[in-house]
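Chemist: Here it is: the structure, laid out below.
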Amino acid sequence: MKRFAFATVSTLAVVAGSSVVAEPQAEVLHWWTSGGEAKSVAVLQEEFASNGGTWTDMPVAGGGGDAAMTALRARVLSGNAPTAVQLKGPAIQEWYEEGVLADISNVAEAEGWADVLPASIAGHMMCEGTWCAAPVNVHRIDWIWANADVLAANDIEMPATWEEFNAAAEKLQAAGVIPLAHGGQAWQDATVFEAVVMGIGGPEFYQKALVDLDPEALTSDTMVQVFDQMRTMRGYVDENFSGRDWNLATAMVMNGEAAFQIMGDWAKGEFLAAGKKPGEDFLCASTPGDGYLYNVDSFAMFEVEGDDNRAGQELLAKLIVAPNFQEVFNLNKGSIPARTDVALDAFDICAKISAEDMGTTSAGGSLLPSYAHGMALRGSQSGAITDVVTAHFNSDMSSADAVQQLADAVANSY
Ligand code: BGC
(Lines give C-alpha, C1' and ligand atoms only; values in the text may rest on other atoms or scores of the structure.)
Protein backbone atom coordinates (compact mmCIF):
# COMPACT_ATOMS: atom_id res chain seq x y z
CA MET A 1 0.00 0.00 0.00
CA LYS A 2 3.01 2.31 0.24
CA ARG A 3 2.60 3.53 -3.27
CA PHE A 4 -0.85 4.96 -2.43
CA ALA A 5 0.37 6.74 0.64
CA PHE A 6 -0.37 10.17 -0.79
CA ALA A 7 -3.57 9.32 -2.62
CA THR A 8 -6.72 11.12 -1.61
CA VAL A 9 -9.27 9.30 0.49
CA SER A 10 -11.67 8.89 -2.41
CA THR A 11 -8.95 7.46 -4.68
CA LEU A 12 -8.05 4.97 -1.98
CA ALA A 13 -11.61 3.86 -1.62
CA VAL A 14 -11.97 3.28 -5.36
CA VAL A 15 -8.65 1.47 -5.59
CA ALA A 16 -9.40 -0.66 -2.58
CA GLY A 17 -12.91 -1.31 -3.88
CA SER A 18 -11.38 -2.98 -6.93
CA SER A 19 -9.97 -5.52 -4.41
CA VAL A 20 -6.80 -5.75 -6.48
CA VAL A 21 -4.60 -3.65 -4.28
CA ALA A 22 -5.57 -4.59 -0.74
CA GLU A 23 -2.79 -6.74 0.63
CA PRO A 24 -4.36 -9.15 3.10
CA GLN A 25 -2.86 -9.00 6.53
CA ALA A 26 -3.88 -10.38 9.87
CA GLU A 27 -2.67 -10.40 13.40
CA VAL A 28 -3.93 -13.71 14.74
CA LEU A 29 -4.39 -14.38 18.44
CA HIS A 30 -4.50 -18.08 19.33
CA TRP A 31 -3.34 -20.48 22.03
CA TRP A 32 -1.97 -23.25 19.83
CA THR A 33 1.55 -23.59 21.17
CA SER A 34 2.11 -27.30 21.90
CA GLY A 35 3.88 -29.51 19.32
CA GLY A 36 0.71 -30.83 17.67
CA GLU A 37 -1.06 -27.48 17.90
CA ALA A 38 1.83 -25.52 16.40
CA LYS A 39 2.01 -27.97 13.51
CA SER A 40 -1.70 -27.47 12.93
CA VAL A 41 -1.76 -23.69 12.98
CA ALA A 42 1.25 -23.68 10.64
CA VAL A 43 -1.09 -25.11 7.97
CA LEU A 44 -3.20 -21.96 8.15
CA GLN A 45 -0.17 -19.68 8.19
CA GLU A 46 1.17 -21.37 5.06
CA GLU A 47 -2.15 -21.23 3.20
CA PHE A 48 -2.56 -17.58 4.16
CA ALA A 49 0.94 -16.74 2.94
CA SER A 50 0.57 -18.64 -0.31
CA ASN A 51 -2.59 -16.60 -1.00
CA GLY A 52 -0.68 -13.35 -0.57
CA GLY A 53 -1.40 -12.79 3.12
CA THR A 54 0.96 -11.42 5.75
CA TRP A 55 0.44 -13.15 9.09
CA THR A 56 1.48 -11.60 12.39
CA ASP A 57 1.45 -14.32 14.99
CA MET A 58 0.13 -13.64 18.49
CA PRO A 59 0.35 -16.95 20.33
CA VAL A 60 -0.61 -16.90 24.01
CA ALA A 61 0.51 -20.12 25.68
CA GLY A 62 -1.84 -21.82 28.12
CA GLY A 63 -4.03 -24.85 27.43
CA GLY A 64 -7.74 -24.25 27.22
CA GLY A 65 -7.20 -20.61 26.29
CA ASP A 66 -7.73 -18.83 29.63
CA ALA A 67 -4.54 -16.79 29.24
CA ALA A 68 -5.41 -16.02 25.61
CA MET A 69 -8.81 -14.69 26.64
CA THR A 70 -7.22 -12.46 29.28
CA ALA A 71 -4.81 -11.11 26.66
CA LEU A 72 -7.70 -10.51 24.28
CA ARG A 73 -9.65 -8.50 26.83
CA ALA A 74 -6.62 -6.31 27.52
CA ARG A 75 -6.13 -5.66 23.80
CA VAL A 76 -9.76 -4.80 23.16
CA LEU A 77 -9.95 -2.54 26.21
CA SER A 78 -6.92 -0.62 25.01
CA GLY A 79 -8.62 -0.11 21.64
CA ASN A 80 -6.16 -2.31 19.79
CA ALA A 81 -7.98 -5.55 19.00
CA PRO A 82 -6.17 -8.26 17.00
CA THR A 83 -7.60 -8.87 13.53
CA ALA A 84 -8.55 -12.50 14.05
CA VAL A 85 -9.03 -14.37 17.30
CA GLN A 86 -9.43 -18.02 18.27
CA LEU A 87 -12.77 -17.74 20.04
CA LYS A 88 -15.59 -20.15 20.64
CA GLY A 89 -18.97 -20.95 22.09
CA PRO A 90 -21.07 -18.30 23.81
CA ALA A 91 -17.98 -16.06 24.13
CA ILE A 92 -18.52 -15.27 20.44
CA GLN A 93 -21.96 -13.85 21.16
CA GLU A 94 -20.67 -12.11 24.31
CA TRP A 95 -18.09 -10.22 22.23
CA TYR A 96 -20.67 -9.53 19.55
CA GLU A 97 -22.88 -7.90 22.18
CA GLU A 98 -19.97 -5.60 23.00
CA GLY A 99 -20.13 -4.43 19.38
CA VAL A 100 -16.56 -5.36 18.46
CA LEU A 101 -16.99 -8.25 16.01
CA ALA A 102 -16.88 -7.91 12.24
CA ASP A 103 -19.67 -9.38 10.12
CA ILE A 104 -18.29 -12.10 7.82
CA SER A 105 -21.61 -12.99 6.23
CA ASN A 106 -20.38 -11.95 2.77
CA VAL A 107 -17.72 -14.71 2.87
CA ALA A 108 -20.06 -17.25 4.46
CA GLU A 109 -22.70 -16.66 1.81
CA ALA A 110 -20.29 -16.64 -1.12
CA GLU A 111 -18.75 -19.89 0.12
CA GLY A 112 -22.08 -21.57 0.92
CA TRP A 113 -21.24 -22.35 4.56
CA ALA A 114 -24.87 -23.01 5.42
CA ASP A 115 -24.88 -25.97 3.01
CA VAL A 116 -21.77 -27.68 4.35
CA LEU A 117 -21.92 -27.09 8.11
CA PRO A 118 -24.22 -29.01 10.46
CA ALA A 119 -26.91 -26.71 11.88
CA SER A 120 -25.62 -27.24 15.43
CA ILE A 121 -22.17 -25.95 14.48
CA ALA A 122 -23.51 -23.14 12.30
CA GLY A 123 -25.63 -21.98 15.25
CA HIS A 124 -22.49 -21.25 17.29
CA MET A 125 -21.14 -19.10 14.44
CA MET A 126 -24.17 -16.82 14.16
CA CYS A 127 -24.90 -13.55 15.91
CA GLU A 128 -28.44 -12.25 15.44
CA GLY A 129 -28.71 -13.86 12.03
CA THR A 130 -25.29 -12.78 10.75
CA TRP A 131 -22.14 -14.91 10.52
CA CYS A 132 -19.66 -13.79 13.15
CA ALA A 133 -17.20 -16.72 13.34
CA ALA A 134 -15.65 -19.39 11.13
CA PRO A 135 -15.43 -22.98 12.47
CA VAL A 136 -12.22 -24.94 12.19
CA ASN A 137 -13.06 -28.36 13.56
CA VAL A 138 -14.93 -30.53 16.03
CA HIS A 139 -12.92 -31.69 19.01
CA ARG A 140 -14.36 -34.41 21.23
CA ILE A 141 -13.65 -34.06 24.94
CA ASP A 142 -14.77 -37.38 26.45
CA TRP A 143 -11.80 -39.51 25.46
CA ILE A 144 -9.44 -41.80 27.34
CA TRP A 145 -5.95 -42.17 25.83
CA ALA A 146 -3.74 -45.04 26.85
CA ASN A 147 -0.26 -46.41 26.32
CA ALA A 148 -0.85 -49.69 24.45
CA ASP A 149 2.26 -51.48 25.79
CA VAL A 150 1.58 -50.51 29.39
CA LEU A 151 -1.96 -51.87 29.17
CA ALA A 152 -0.80 -55.09 27.48
CA ALA A 153 2.01 -55.62 29.99
CA ASN A 154 -0.50 -55.35 32.82
CA ASP A 155 -3.18 -57.37 31.06
CA ILE A 156 -5.64 -54.48 31.03
CA GLU A 157 -8.29 -53.64 28.41
CA MET A 158 -9.57 -50.16 27.70
CA PRO A 159 -12.18 -49.61 30.45
CA ALA A 160 -15.82 -49.61 29.41
CA THR A 161 -17.21 -48.58 32.82
CA TRP A 162 -15.94 -46.37 35.63
CA GLU A 163 -15.68 -49.48 37.84
CA GLU A 164 -13.38 -51.01 35.23
CA PHE A 165 -11.39 -47.81 35.07
CA ASN A 166 -10.93 -47.81 38.84
CA ALA A 167 -10.01 -51.51 38.90
CA ALA A 168 -7.44 -50.96 36.12
CA ALA A 169 -6.03 -47.97 37.99
CA GLU A 170 -5.64 -49.96 41.23
CA LYS A 171 -3.86 -52.72 39.35
CA LEU A 172 -1.52 -50.30 37.63
CA GLN A 173 -0.75 -48.51 40.86
CA ALA A 174 0.15 -51.82 42.50
CA ALA A 175 2.48 -52.46 39.55
CA GLY A 176 4.22 -49.11 40.06
CA VAL A 177 2.68 -47.32 37.06
CA ILE A 178 1.00 -43.91 37.43
CA PRO A 179 -2.59 -44.73 36.45
CA LEU A 180 -3.70 -41.26 35.36
CA ALA A 181 -1.53 -38.59 33.74
CA HIS A 182 -3.05 -35.29 34.74
CA GLY A 183 -2.10 -31.68 34.89
CA GLY A 184 -3.44 -29.85 37.92
CA GLN A 185 -4.74 -26.78 36.13
CA ALA A 186 -8.34 -25.72 36.67
CA TRP A 187 -9.39 -26.32 33.05
CA GLN A 188 -7.91 -29.83 33.09
CA ASP A 189 -9.78 -30.68 36.30
CA ALA A 190 -12.92 -29.39 34.59
CA THR A 191 -12.21 -31.51 31.50
CA VAL A 192 -12.09 -34.70 33.58
CA PHE A 193 -15.08 -33.59 35.65
CA GLU A 194 -17.42 -33.09 32.71
CA ALA A 195 -16.55 -36.52 31.30
CA VAL A 196 -17.38 -38.03 34.70
CA VAL A 197 -20.64 -36.05 34.94
CA MET A 198 -21.79 -37.39 31.58
CA GLY A 199 -20.42 -40.87 32.28
CA ILE A 200 -22.00 -41.36 35.68
CA GLY A 201 -25.14 -39.27 35.26
CA GLY A 202 -25.79 -39.90 31.55
CA PRO A 203 -26.35 -37.31 28.82
CA GLU A 204 -29.69 -36.06 30.14
CA PHE A 205 -28.19 -35.44 33.55
CA TYR A 206 -25.25 -33.63 31.94
CA GLN A 207 -27.68 -31.41 30.04
CA LYS A 208 -29.64 -30.60 33.20
CA ALA A 209 -26.62 -30.01 35.41
CA LEU A 210 -24.04 -28.34 33.18
CA VAL A 211 -26.11 -26.76 30.41
CA ASP A 212 -29.43 -25.88 32.07
CA LEU A 213 -27.82 -25.39 35.51
CA ASP A 214 -30.82 -27.02 37.13
CA PRO A 215 -30.39 -26.68 40.96
CA GLU A 216 -31.95 -30.11 41.56
CA ALA A 217 -29.42 -31.81 39.31
CA LEU A 218 -26.56 -29.83 40.82
CA THR A 219 -27.43 -30.95 44.34
CA SER A 220 -28.52 -34.49 43.47
CA ASP A 221 -27.12 -37.78 44.77
CA THR A 222 -25.79 -38.34 41.27
CA MET A 223 -23.63 -35.22 41.60
CA VAL A 224 -22.40 -36.53 44.96
CA GLN A 225 -21.33 -39.73 43.18
CA VAL A 226 -19.56 -37.65 40.54
CA PHE A 227 -17.48 -35.91 43.21
CA ASP A 228 -16.82 -39.29 44.86
CA GLN A 229 -15.36 -40.51 41.58
CA MET A 230 -13.27 -37.32 41.27
CA ARG A 231 -11.90 -37.97 44.76
CA THR A 232 -11.07 -41.57 43.79
CA MET A 233 -9.29 -40.32 40.66
CA ARG A 234 -7.32 -37.80 42.67
CA GLY A 235 -5.70 -40.88 44.19
CA TYR A 236 -4.57 -42.06 40.74
CA VAL A 237 -2.49 -39.02 39.76
CA ASP A 238 1.16 -38.60 40.72
CA GLU A 239 2.45 -36.18 43.33
CA ASN A 240 3.82 -33.70 40.81
CA PHE A 241 0.59 -33.10 38.93
CA SER A 242 0.03 -29.57 40.16
CA GLY A 243 0.33 -26.96 37.40
CA ARG A 244 1.54 -29.46 34.80
CA ASP A 245 0.65 -28.59 31.19
CA TRP A 246 -1.67 -31.02 29.41
CA ASN A 247 0.88 -31.90 26.74
CA LEU A 248 3.39 -32.93 29.39
CA ALA A 249 0.73 -35.24 30.80
CA THR A 250 0.26 -36.65 27.28
CA ALA A 251 4.03 -37.19 27.10
CA MET A 252 3.84 -39.26 30.29
CA VAL A 253 1.44 -41.63 28.55
CA MET A 254 3.61 -41.63 25.45
CA ASN A 255 6.73 -42.65 27.32
CA GLY A 256 5.01 -45.24 29.50
CA GLU A 257 5.37 -43.38 32.77
CA ALA A 258 1.58 -43.25 33.03
CA ALA A 259 -1.16 -45.45 31.56
CA PHE A 260 -4.13 -43.18 30.87
CA GLN A 261 -5.04 -39.56 30.20
CA ILE A 262 -8.56 -38.16 30.02
CA MET A 263 -8.35 -35.27 27.58
CA GLY A 264 -9.87 -33.87 24.39
CA ASP A 265 -8.50 -35.17 21.11
CA TRP A 266 -5.90 -32.43 20.77
CA ALA A 267 -3.96 -35.01 22.83
CA LYS A 268 -4.03 -37.20 19.71
CA GLY A 269 -2.39 -34.33 17.82
CA GLU A 270 0.47 -34.61 20.31
CA PHE A 271 0.82 -38.38 19.87
CA LEU A 272 0.79 -37.98 16.09
CA ALA A 273 3.30 -35.12 16.09
CA ALA A 274 5.63 -37.44 18.03
CA GLY A 275 5.22 -40.14 15.34
CA LYS A 276 3.06 -42.44 17.50
CA LYS A 277 0.48 -44.65 15.80
CA PRO A 278 -3.09 -45.08 17.02
CA GLY A 279 -3.95 -48.71 17.73
CA GLU A 280 -0.25 -49.59 18.01
CA ASP A 281 1.49 -47.15 20.33
CA PHE A 282 -1.54 -45.54 21.85
CA LEU A 283 -5.21 -46.41 22.19
CA CYS A 284 -8.30 -44.22 22.17
CA ALA A 285 -11.76 -44.89 23.56
CA SER A 286 -14.59 -42.66 24.62
CA THR A 287 -14.86 -42.32 28.38
CA PRO A 288 -17.37 -44.76 29.96
CA GLY A 289 -21.04 -43.99 29.38
CA ASP A 290 -23.14 -42.60 26.54
CA GLY A 291 -23.02 -39.27 24.77
CA TYR A 292 -20.51 -37.01 23.06
CA LEU A 293 -19.08 -33.75 24.39
CA TYR A 294 -18.14 -31.44 21.55
CA ASN A 295 -15.87 -28.44 21.37
CA VAL A 296 -15.72 -26.47 18.13
CA ASP A 297 -12.69 -24.24 17.60
CA SER A 298 -13.45 -21.17 15.57
CA PHE A 299 -12.11 -17.76 14.67
CA ALA A 300 -13.92 -14.46 15.04
CA MET A 301 -12.80 -11.29 13.31
CA PHE A 302 -12.59 -8.11 15.33
CA GLU A 303 -13.52 -4.69 13.94
CA VAL A 304 -10.27 -3.09 12.88
CA GLU A 305 -9.50 -0.26 10.47
CA GLY A 306 -7.97 -0.63 7.04
CA ASP A 307 -8.65 -2.40 3.77
CA ASP A 308 -5.64 -4.67 4.20
CA ASN A 309 -6.97 -5.91 7.52
CA ARG A 310 -10.44 -6.40 6.10
CA ALA A 311 -8.97 -8.31 3.15
CA GLY A 312 -6.98 -10.41 5.63
CA GLN A 313 -10.10 -11.26 7.61
CA GLU A 314 -11.99 -12.26 4.50
CA LEU A 315 -9.15 -14.39 3.20
CA LEU A 316 -8.72 -16.12 6.58
CA ALA A 317 -12.42 -16.84 6.93
CA LYS A 318 -12.55 -18.26 3.42
CA LEU A 319 -9.48 -20.48 3.90
CA ILE A 320 -10.57 -21.76 7.32
CA VAL A 321 -13.79 -23.29 6.07
CA ALA A 322 -12.43 -24.43 2.69
CA PRO A 323 -12.20 -28.24 2.30
CA ASN A 324 -8.43 -28.47 1.91
CA PHE A 325 -7.67 -26.64 5.12
CA GLN A 326 -10.36 -28.56 7.01
CA GLU A 327 -8.73 -31.82 5.99
CA VAL A 328 -5.04 -31.02 6.47
CA PHE A 329 -5.47 -29.01 9.67
CA ASN A 330 -7.62 -31.64 11.34
CA LEU A 331 -5.28 -34.49 10.38
CA ASN A 332 -2.69 -32.70 12.51
CA LYS A 333 -4.92 -31.33 15.22
CA GLY A 334 -6.59 -34.58 16.31
CA SER A 335 -10.08 -33.24 15.63
CA ILE A 336 -12.47 -33.87 12.73
CA PRO A 337 -13.61 -31.38 10.09
CA ALA A 338 -16.53 -29.11 10.87
CA ARG A 339 -17.71 -29.51 7.26
CA THR A 340 -19.76 -32.58 6.53
CA ASP A 341 -18.47 -33.01 2.97
CA VAL A 342 -14.80 -33.76 3.70
CA ALA A 343 -13.98 -37.45 3.12
CA LEU A 344 -12.44 -39.11 6.16
CA ASP A 345 -10.39 -41.68 4.21
CA ALA A 346 -7.09 -40.17 5.28
CA PHE A 347 -8.15 -39.99 8.95
CA ASP A 348 -7.30 -42.56 11.63
CA ILE A 349 -9.54 -44.86 13.61
CA CYS A 350 -10.03 -42.42 16.50
CA ALA A 351 -11.25 -39.71 14.11
CA LYS A 352 -13.57 -42.19 12.42
CA ILE A 353 -15.03 -43.22 15.80
CA SER A 354 -15.50 -39.54 16.61
CA ALA A 355 -17.33 -38.81 13.35
CA GLU A 356 -19.54 -41.87 13.66
CA ASP A 357 -20.40 -41.18 17.31
CA MET A 358 -21.11 -37.56 16.46
CA GLY A 359 -23.67 -38.72 13.91
CA THR A 360 -25.39 -41.20 16.20
CA THR A 361 -25.41 -38.94 19.25
CA SER A 362 -26.68 -36.04 17.16
CA ALA A 363 -29.58 -38.19 15.95
CA GLY A 364 -30.22 -39.50 19.48
CA GLY A 365 -30.08 -36.15 21.28
CA SER A 366 -26.90 -36.84 23.27
CA LEU A 367 -24.48 -34.63 21.32
CA LEU A 368 -23.70 -32.07 24.01
CA PRO A 369 -21.61 -28.92 24.31
CA SER A 370 -18.54 -29.03 26.54
CA TYR A 371 -18.90 -26.73 29.53
CA ALA A 372 -15.19 -27.00 30.35
CA HIS A 373 -14.20 -25.73 26.91
CA GLY A 374 -16.56 -22.82 26.79
CA MET A 375 -19.24 -24.28 24.52
CA ALA A 376 -22.19 -24.44 26.91
CA LEU A 377 -22.22 -21.52 29.30
CA ARG A 378 -21.30 -17.89 29.68
CA GLY A 379 -17.84 -17.33 31.16
CA SER A 380 -19.07 -16.26 34.61
CA GLN A 381 -21.10 -19.46 34.95
CA SER A 382 -18.50 -21.92 33.71
CA GLY A 383 -15.89 -20.16 35.84
CA ALA A 384 -18.05 -20.56 38.95
CA ILE A 385 -18.37 -24.31 38.35
CA THR A 386 -14.70 -24.81 37.60
CA ASP A 387 -13.66 -22.98 40.78
CA VAL A 388 -15.58 -25.51 42.86
CA VAL A 389 -14.39 -28.52 40.86
CA THR A 390 -10.77 -27.52 41.24
CA ALA A 391 -11.13 -26.56 44.92
CA HIS A 392 -12.60 -29.99 45.60
CA PHE A 393 -9.92 -31.83 43.61
CA ASN A 394 -7.14 -30.02 45.45
CA SER A 395 -8.40 -30.40 49.01
CA ASP A 396 -10.15 -32.91 51.21
CA MET A 397 -13.54 -31.25 50.70
CA SER A 398 -16.35 -33.79 51.02
CA SER A 399 -18.61 -34.56 48.07
CA ALA A 400 -21.59 -33.25 50.04
CA ASP A 401 -19.86 -29.91 50.61
CA ALA A 402 -18.75 -29.74 46.98
CA VAL A 403 -22.31 -30.22 45.78
CA GLN A 404 -23.58 -27.47 48.08
CA GLN A 405 -20.81 -25.11 46.99
CA LEU A 406 -21.53 -25.92 43.38
CA ALA A 407 -25.20 -24.98 43.71
CA ASP A 408 -24.32 -21.77 45.60
CA ALA A 409 -21.63 -20.75 43.12
CA VAL A 410 -23.96 -21.28 40.17
CA ALA A 411 -26.78 -19.35 41.88
CA ASN A 412 -24.43 -16.41 42.42
CA SER A 413 -23.05 -16.45 38.88
CA TYR A 414 -26.04 -14.98 37.01
C1 BGC B 1 -9.08 -25.99 22.32
C2 BGC B 1 -8.09 -26.83 21.56
C3 BGC B 1 -6.75 -26.78 22.27
C4 BGC B 1 -6.92 -27.16 23.73
C5 BGC B 1 -5.63 -27.16 24.52
C6 BGC B 1 -9.12 -26.39 23.77
O7 BGC B 1 -9.98 -25.55 24.48
O8 BGC B 1 -10.35 -26.13 21.79
O9 BGC B 1 -7.96 -26.39 20.23
O10 BGC B 1 -5.84 -27.62 21.60
O11 BGC B 1 -7.82 -26.29 24.35
O12 BGC B 1 -5.06 -25.92 24.50
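The values are calculated or read from the model by the stated rules, or taken from the named source; none is laboratory data. Every value quoted in this text rests on a predicted model; they were computed, and no experiment measured them. Quick reminder, even Gly has a Cβ in these numbers, built from the backbone with ideal geometry, and neighbours come from all protein chains shown. Please note that ligands, DNA and RNA were not included when accessible areas were found on the heavy atoms of the full protein model with its side chains. Shrake-Rupley method; radii C 1.70, N 1.55, O 1.52, S 1.80 Å.
Chemist: Just one of the numbered conditions (1) within 16 Å of the ligand (Cβ to nearest atom); (2) open to solvent by less than 10 Å² (accessible area, probe 1.4 Å) is not true of LEU316; which one?
Modeler: With respect to (1) within 16 Å of the ligand (Cβ to nearest atom); (2) open to solvent by less than 10 Å² (accessible area, probe 1.4 Å), LEU316 is out only on (1).
Chemist: When residues of the range 213-246 are filtered for being within 16 Å of the ligand (Cβ to nearest atom) and surrounded by 22 or more Cβ atoms within 10 Å (Cβ to Cβ), how many remain? Explain how you work it out, then say what you get.
Modeler: Here is the first cut: in the range 213-246, the ones within 16 Å of the ligand (Cβ to nearest atom) are 243-246.
Within this subset, residues satisfying the condition of being surrounded by 22 or more Cβ atoms within 10 Å (Cβ to Cβ) are 246.
Within the range 213-246, residues that are within 16 Å of the ligand (Cβ to nearest atom) and surrounded by 22 or more Cβ atoms within 10 Å (Cβ to Cβ) number 1.
Chemist: Separate question: Looking at the range 364-386 only, could you name the residues that are in contact (Cβ under 8 Å) with a residue 40 or more places away in the chain, assigned to a helix (DSSP H, G or I) and surrounded by fewer than 17 Cβ atoms within 10 Å (Cβ to Cβ)?
Modeler: GLY379
Chemist: Quick check on my filter: what residues within the range 157-189 are assigned to a loop (DSSP other than H, G, I, E, B) and closer than 29 Å to ILE385 by Cα?
Modeler: Applying the first criterion (assigned to a loop (DSSP other than H, G, I, E, B)) to the range 157-189 yields 157-161, 175-177, 181-183, 185.
Within the range 157-189, PRO159, ALA160, THR161, ALA181, HIS182, GLY183, GLN185 meet the criteria.
Chemist: Using beta carbons and a limit of 8 Å, which pairs, at least six apart or on different chains, have the first residue in the range 54-81 and of a type in the set (Phe, Trp, Tyr) and the second one open to solvent by 70 Å² or more (accessible area, probe 1.4 Å)?
Modeler: TRP55/GLN25
Chemist: Run down TYR294, TYR236 and say which single residue is closer than 25 Å to GLU163 by Cβ and touching a strand residue (DSSP E or B) at 6+ places or on another chain (Cβ under 7 Å).
Modeler: TYR236
Chemist: Related question: Quick check on LYS208: is it part of a helix (DSSP H, G or I), open to solvent by 10 Å² or more (accessible area, probe 1.4 Å) and among the basic types (Lys, Arg)? Show your work before the answer.
Modeler: Values: part of a helix (DSSP H, G or I): yes; open to solvent by 10 Å² or more (accessible area, probe 1.4 Å): yes; among the basic types (Lys, Arg): yes.
The answer is yes for LYS208.
Chemist: Still on this structure, please answer the following. So GLU303 passes all but one of these: (1) within 29 Å of HIS392 (Cα to Cα); (2) open to solvent by 10 Å² or more (accessible area, probe 1.4 Å). Which condition number does it fail?
Modeler: (1)
Chemist: Filtering the range 75-93 down to residues that are of a type in the set (Gly, Ala, Ser) and within 12 Å of MET58 (Cβ to Cβ), which residue is nearest to the chain's Cα centre (by Cα)?
Modeler: ALA84
Chemist: For the range 260-283, which positions are away from the ligand (no atom under 16 Å from the Cβ) and under 22 Å from VAL197 (Cα atoms)?
Modeler: Hit for the range 260-283 is PHE260, nothing else.
Chemist: I've got another one for you. Residues ASN154, ASN137: which one is farther than 21 Å from ILE385 by Cα and either among the basic types (Lys, Arg) or buried (at least 23 other Cβ atoms within 10 Å of the Cβ) (or both)?
Modeler: On inspection, the qualifying residue turns out to be ASN137.
Chemist: Checking VAL328 against (1) open to solvent by 50 Å² or more (accessible area, probe 1.4 Å); (2) under 20 Å from ILE141 (Cβ atoms); (3) within 16 Å of the ligand (Cβ to nearest atom): exactly one of these is not met. Which one?
Modeler: (2)
Chemist: Quick one: which helices (runs of 4 or more DSSP H) lie wholly within the range 20-135 and hold at least 2 residues that are within 14 Å of LEU315 (Cβ to Cβ)?
Modeler: Output list reads 35-50, 105-111.
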